[in-house]
1. Which whole-angstrom value gives the distance between the alpha carbon centres of the range 117-194 and the range 284-335?
2. Test of understanding: in a Gaussian network model of the chain with alpha carbons linked when under 10 Å, which of Ile273, Ile98, Ile28 would top the mean-square fluctuation ranking?
3. Relative contact order (percent) for the chain, with alpha-carbon contacts under 8 angstrom and 6 or more residues of separation?
4. Roughly how many Å² is the accessible area per residue of the chain, as a whole number, for a 1.4 Å probe?
5. Please work out how much length the chain gains when fully extended from Ser208 to Asp121, using 0.36 nm per residue of separation minus the C-alpha to C-alpha distance, in nm with one decimal.
6. Using a Gaussian network for the chain with springs between C-alpha atoms less than 10 Å apart, which of these wobbles most: Val67, Val90, Val255?
7. If the limit is 24 Å between Cα atoms, which of Lys102/Lys185; Lys206/Lys230; Lys133/Lys230 go over it?
8. Using the Cα centre as the reference, give the magnitude of the dipole from point charges on the C-beta atoms of the range 248-329 (Lys, Arg: +1; Asp, Glu: -1; all else neutral), rounded to the nearest 20 debye.
Amino acid sequence: MGHSFCDPTARTRARGGGWIYKVRTMSITVVGSIAYDTVTTPFGERDRMLGGAAVHFALAASFFEEVRVVGPVGEDFGEPELDVMRHRGVDITDVERIPGGKTFFWRGKYGWDLNSRETLDTQLGVFEGFQPKLSEGSRASEVLFLANIQPDLQRDVRAQLPEARFVALDSMNLWIEAARDSLVKAIALCDCLILNDSELRQLTGKASLLAAAREIFSWQPAAPRVIVAKQGEYGAALITPESFFSLPAFPLETVVDPTGAGDTFAGGFVGYIAAHIEEELTDDLLRQAMAHGTALASFNVEQFGTERVAHLSGPEIVARVRQLREFTQFSASALPLGE
Ligand code: AMP
């Protein structure tokens, strides 16, 4: 779990001549939807279960560092739902209850192809007009995740953590269509962009993932340095200006509900990076982060909503990362192939 520490590199000269050491908090701040989801899949349905991008992210990332969730809920939001986050040690100081407000609501339906879903209803509720006021603790986090929500809100929160050392952002087709300019500005303020592959194509107008990534890396005056393309049941690809890496999803016989898989992946990926924030962000570290994100996401889809990850243990994650390594390793053939 998280801890405070004194980073000697963060010292600044005091007026009197000595040094002032800024105390940084080893934690992750996340802003995004905190929701009630009504979901139908071929394997059952749930009405108004706990969901939301920030919630799925926070539960997954809580295995690596302390997580602070920023976002509003309505008067209808229950204590049992808050307890799910509390039980994972998630800091909910900045979960603001809006008097008279209604919690963000999403209704979705999946067919046999669990890679595609139909959104039947989205009600922003308390997110409309929400102005985030972050506590000192949330502003002191080293790592920030801007989960899927209105990009103006993502930028507002980004501005409140100007010294964060790693910032990642997720978004979706709705915001690419409805608020593209603001989203592009938000992406430029981040180190890492995490999007579905179809959304990367939609954002850039490029058919190939590599071309889409190259386009984003060329943005001026600022661009992210890491792009993750989520590919549903096919896994995820990681692209930097110098490298490429890809992992399949963890193979499962039983998939019940993919809702939140992307945010759970992001929680594992960003959480792993946060736990190694003192290290250089090498390709090796990014690949390990991909493996942890992939393992976490695979648990998420085994049951509805947050049900599986809320009852997960660290050793289960470690075991799955090991299995994933076995599934994806091979040695290059020494056989010389003819012309
Ligand atoms: P994922 O399956 O990882 O894409 O995320 C699903 C979660 O995103 C659900 O729990 C929803 O509550 C949430 N969600 C759906 N639509 C939106 C939206 N327009 N803005 C923010 N969150 C959303």
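1. 26 Å
2. It is Ile98.
3. Across the chain, relative contact order equals 16 percent.
4. The answer is 47 Å² per residue.
5. 28.2 nm
6. Comparing Val67, Val90, Val255 in the GNM, the peak value goes to Val255.
7. Lys102/Lys185; Lys133/Lys230
8. 180 debye
The values are calculated or read from the model by the stated rules, or taken from the named source; none is laboratory data. Everything numeric in this text was worked out from a predicted model, so none of it was measured. Quick reminder, even Gly has a Cβ in these numbers, built from the backbone with ideal geometry, and neighbours come from all protein chains shown. Ligands, DNA and RNA are excluded from the accessible area calculation, which covers all protein heavy atoms including side chains. Shrake-Rupley method; radii C 1.70, N 1.55, O 1.52, S 1.80 Å.
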